[in-house]
Amino acid sequence: MTAESVQDPRATPQCAAAPSAVLDGPVSHAISRVARLHRIAAGRLLRELGLHPGQEFLMMHLWDSGAVRQSELIKALGLDPSTVTKMLQRLEHSGHVRRRPDPSDRRASLVEATESSCGLLAEVRRAWGELELQTLDGLEAPERTELARLLGKVEAALCTEITRGGGPECDAPYKGPGGRLLVL
């Protein structure tokens, strides 16, 4: 896809006029707009579960990994420690997580999902399934596969650039049960 083949975002009547600076980056602008809309749609679904966007990733990590040190959780999520601390406070208050001292190092905290959060797991999965349907509505199966492939290539390119510039290491693509790479 060339910059010329991407439709000028200002030509779409239902979208606000794009800043002229995006004319040199129409794909980046499109990704930014889609990411914003995706987060809004996710937020609506998660709000029904009493979660804020991002908290589901924290819970997914705990459900998949079991009890982990708070420092490991911060690294896995790639977020600022104060952000993770605030998320944990909210999730602890709602009864979804608990923190306890690490028996092997009392200075560290272990974070784990509570038994009562197990019902939330099914609801988060349902919400993400609904988000998937909303996101891919109108795309045929081959288009979905191609979109996943292309987004994987974009992610790899950005990850390479970020790590080359001294940034944090990028996560490997998420693999589900049995080590299967999860693709649309």
With all protein chains modelled, accessible area of ASP24 [1.4 Å, Å²]: 150 Å²
To the nearest 10 square angstrom, what accessible area does ARG69 show with a 1.4 Å probe? 80 Å²
Percent of Cα-Cα pairs more than 24 Å apart in region 40-134, please. 19 percent
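The values are calculated or read from the model by the stated rules, or taken from the named source; none is laboratory data. The structure presented is a predicted model; accordingly, all values stated were derived computationally and were not measured. In case anyone asks, the SASA skips ligands and DNA or RNA and just uses the protein heavy atoms, side chains included. Shrake-Rupley method; radii C 1.70, N 1.55, O 1.52, S 1.80 Å.
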